Amino acid sequence: MDQTIRQRAELWTKPPYDEKTRLAAKALLDGDETECSDAFYRDLEFGTGGLRGILGVGTNRMNTYVVALATQGFANYLSKQCAAEKLEKRVAVSYDCRNGSSEFALTTAKVFAANGFTVYLFTAMRPTPVLSFAVRYYNCCGGVMVTASHNPKEYNGYKAYGKDGGQLVSPHDKNVMKEVAAIKDLSEVKMQGGEAHIVYVDEQADNAYLDKVCALSLDKEAVRRQKNLKIIYTPLHGTGMTMVPRALRRWGFENVICVPEQMVPDGNFSTVASPNPEEKAAMQPAIDLARKEKADLVIATDPDADRVGVAIADGKGDFILLNGNQTGSVLVNYLLRKWKENGKLSGKEYIVKTIVTTELLKEMAAKNGVECFDVLTGFKYIAEIIGRMEGQKTFIGGGEESYGYLAGEFVRDKDAVIACCLIAEMAADAACRGESFMDILCGLYREYGFYRESLVSLSRKGQSGAEEIKAMMAGFRSNPPLSIGGEKVTEVRDYLQGFAGLPPSDVLQFFTEKGSKITVRPSGTEPKIKFYFGLKCAWQEGKDYATQDAEAALQADRIRKDLGI
């Protein structure tokens, strides 16, 4: 083992580390060298979104000591910001169901409180969007959500928020990272003496949030007529259980059936292999219950309830899973249609999507005279646009292909609670008109063209993998394809130096003569390179959705081969 790594590990076998931590560090030193090296070879990086890592002892793991160090750096930055902008030193802190989350949240609260902040700490787990709401509700200068989103059970994390209730964007994210990196020792962390500054959040915040959510309803009459719409819901053991059923019932739905075995907070996610509603296996228990109950709709939220997965009845006793682009398309279509029907469109409204999300959203917005903003991947950029446009234009809604959506301006992160309610209302509206979700989706394809989106991720681990990914991006830049899948490439967009006013990002996009879009980007959080396929084909009357989807899948395979993946 490298001597420097050994010395770092040995420090954890002595005070001020607690006895349990000291014993665990010693066990690592006496055990497998590879495991010990991975735990101590570096400090867990505080990235642009905060922390995320495997739970355990070590500088490269999620534990109370790493959380305390990061929080001290974040507190130092916010203290400077408050002094410069004459803001009150207030922060909000919440957490999800994961192992260690409540302990990490309390540690975070103690550090902030010891640094002179009033801390609004939730007494029980709450969704990420509720934390975003609380930042603004309590006039805070920042916030922290302890969560690893939909990562496997071995992980936990820490999302950092600014005064707008959105995750940090430039230059704040970089400046916080510098402050965190400057904290080198636990002796620099303030932990004691601030307990009196911790305010425990009560039902008042919950009710204020739910009032705002329910005010987003666009068709109360449809909900009243379809109040017995049978909805199956699962929180996948996470925070959604605290808000989604309550919100749906307050919205007016009286037949919400929750998957009982998954309505139990469980950081081990014992009923699923992965708590990710993007994966069919995670949705399966809810779909099984929906078949049994002959339900109309299935919705599932991830552990911190900012993403939502949807399964719709196919009219033959089974259910079809919608991907993130499809859910986003029918949701934004519903919002645009209802805003128009309700006389709410004045020409000063807009939607926002990420550059990897379906172009169908832009087509629908243009037809309705609504502006569409494109932003880089990450919901924080959607929140940034909402903040920039505040008081000038009105945000209708928007989202990203990775199952995250938002309507309204009182939350500045993706919100599965809001999305669940609007999706249910959309189902009620469709039922009143004798339509299904599939009817709506196929209607959009008939009007705008058949859009089929998919994602391919290639894992390339280690230093050699990082170099391979870098070489792949360099190759696409120096020798971009002239045609893909038989479609001529008519435009290449390189975001490395910035594009159309967006910040620089290592992203390439290829647009074809038929309206297809292929995006290539390295992952910011994992050793992967991602290929987003957005195909556009003509809608073929007389052929059903399944047939046209299969044909588009073949075209996607041809494009993959042309790209060498």
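The values are calculated or read from the model by the stated rules, or taken from the named source; none is laboratory data. For clarity, every value in this text was computed on a predicted model and none was experimentally measured. Cβ: placed from backbone, ideal geometry, glycine included. Neighbour counts: every protein chain shown. Just the protein is used for accessible areas: all its heavy atoms, side chains included, with ligands, DNA and RNA removed. Shrake-Rupley method; radii C 1.70, N 1.55, O 1.52, S 1.80 Å.
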For the chain, dividing by residue count, accessible area per residue (probe 1.4 Å) in Å² works out to 41
Relative to the chain, whose Cα atoms define the longest principal axis, helix 19-30 and its Cα axis are tilted in degrees, nearest 10, by 80
SASA check, His197, accessible area w/ 1.4 Å probe, all protein chains in place, rounded to nearest 10 Å², comes out at 80
Among Gly486, Tyr65, Ile351, the residue whose Cα sits farthest towards the positive end of the charge dipole of the chain (+1 at Cβ of Lys and Arg, -1 at Cβ of Asp and Glu, taken about the Cα centre) is Ile351
Treating only Lys and Arg (+1) and Asp and Glu (-1) as charged, each at its beta carbon, one finds that the chain has a dipole about its Cα centre, in Debye to the nearest 20, of 780
Among (i) 73, 56, 49; (ii) 81, 63, 40; (iii) 91, 67, 42, the entry matching Cα extents along the principal axes in Å as calculated here is (i)
Of the accessible area of region 175-214, computed with a 1.4 Å probe and all protein chains kept, carbon and sulfur make up a percent value of 51
Rounded to a whole %, the carbon-and-sulfur portion of the accessible area of region 23-143 at a 1.4 Å probe is 49
CD proxy, 222 nm, the chain: helix-only mean residue ellipticity via -39,500 (n - 2.57) per DSSP H run with n ≥ 4, per residue, nearest 500, stands at -12500 deg cm²/dmol
For region 419-481 the trypsin sites (Lys or Arg not before Pro) that pass both the DSSP coil test and the at-most-14 other-Cβ-within-10 Å test are Arg433, Lys461
Candidate cut points under GluC sites (Glu not before Pro) in region 467-554, DSSP loop plus at most 15 other Cβ atoms within 10 Å of their own Cβ, are Glu513, Glu541
Magnitude of the Cβ-charge dipole (Lys and Arg +1, Asp and Glu -1) of region 509-565 about the Cα centre, nearest 20 debye, reported as 320
Scoring the chain by relative contact order with C-alpha pairs under 8 Å, at least six apart, yields a percentage of 11
Placing +1 on each Lys and Arg Cβ and -1 on each Asp and Glu Cβ in the chain, then taking the dipole about the Cα centre, the residue among Phe476, Thr107, Gly387 whose Cα reaches farthest towards the positive end is Gly387
Scoring region 73-137 by relative contact order with C-alpha pairs under 8 Å, at least six apart, yields a percentage of 37
XL table Lys86/Lys380; Lys153/Lys174; Lys153/Lys528; Lys159/Lys380; Lys344/Lys367; Cα-Cα > 18 Å flagged, in table order, is Lys86/Lys380; Lys153/Lys174; Lys153/Lys528
Counting only DSSP loop positions in region 169-259, the GluC sites (Glu not before Pro) whose Cβ has at most 13 other Cβ atoms within 10 Å are Glu254
Between the Cα axis of helix 280-293 and the main Cα principal axis of the chain, the angle (0 to 90°, nearest 10) is 60
Ranking Asp32, Asp314 from most to least accessible area with a 1.4 Å probe gives Asp32, Asp314
Between the Cα axis of helix 172-182 and the main Cα principal axis of the chain, the angle (0 to 90°, nearest 10) is 20
Given Cβ charges of +1 for Lys and Arg and -1 for Asp and Glu, the option among Gly47, Gly116, Ala84 whose Cα lies farthest towards the positive end of the dipole of the chain is Ala84
On the accessible surface of region 385-532, probed at 1.4 Å with all protein chains in place, carbon and sulfur together account for a percent value of 49
Residue span Glu88 to Asp549: 0.36 nm per residue of separation minus Cα-Cα distance leaves a gain in nm of 160.6 nm
Under 20 Å by backbone N from the virtual spin label 7 Å along Cα-to-Cβ at Glu541, the residues of region 404-447 are 439-447
In debye to the nearest 20, the charge dipole size for region 375-513, taken about the Cα centre with +1 at each Lys and Arg Cβ and -1 at each Asp and Glu Cβ, equals 380
